[in-house]
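One structure is given here, and the rest of the page talks about it.
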Amino acid sequence: IYELYSSDGTAVGTTLVKSGVYNPGNFIVYKNDLYFSAGSANDELWKTDGTAAGTIKIAACAFRNPILFNNHMFFAPSNNLWKSDGTTAGTVILKNAVGQITGANNNFLFTRHVSPSSWLSSSQSLP
């Protein structure tokens, strides 16, 4: 089990951010906070400002391979496309059956499974 620590680069300045937030990973900085997955199966979305009081769970959803696009976070765990503005209310599922996601040339791109193969979709209006 791993926990999240903060450090100024010295032993004295290295402290546990918040107890009980296990196995943090998939880190991304967004709106001056650190967003990350936590939980036994990385099945929770958390954010922190580096303090215990500022470390909160945003949603009970897997958070993997996040990208930033058009001032929002997008992630596609478990075949669902999620969008988040960094709040609990603003973290929602947009589409299901989604694979890879990326942003390029002012477009948000993602693959979507369509039996028997996948196709590439592009949207400028998702955010």
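The values are calculated or read from the model by the stated rules, or taken from the named source; none is laboratory data. Since the structure is predicted, the reported quantities are computational estimates derived from the model, not experimental observations. The protein model used for the area step is the full one, side chains on, heavy atoms only, and it has no ligands, DNA or RNA in it. Shrake-Rupley method; radii C 1.70, N 1.55, O 1.52, S 1.80 Å.
Overview of results
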{"read-out": "Viscosity 1.567 mPa s, 4 °C: Kirkwood-radius Stokes-Einstein D of the range 1-66 over Cα pairs, µm²/s", "value": "108 µm²/s"}
{"read-out": "Rg [Å, one decimal], Dmax [Å, integer] - the range 27-98, C-alpha atoms", "value": "11.3, 36"}
{"read-out": "Residue-normalised accessible area of the chain, expressed per residue, 1.4 Å probe, Å²", "value": "56 Å²"}
{"read-out": "Pairwise centroid distance, computed over Cα atoms, of the range 50-70 with the range 1-30, Å", "value": "14 Å"}
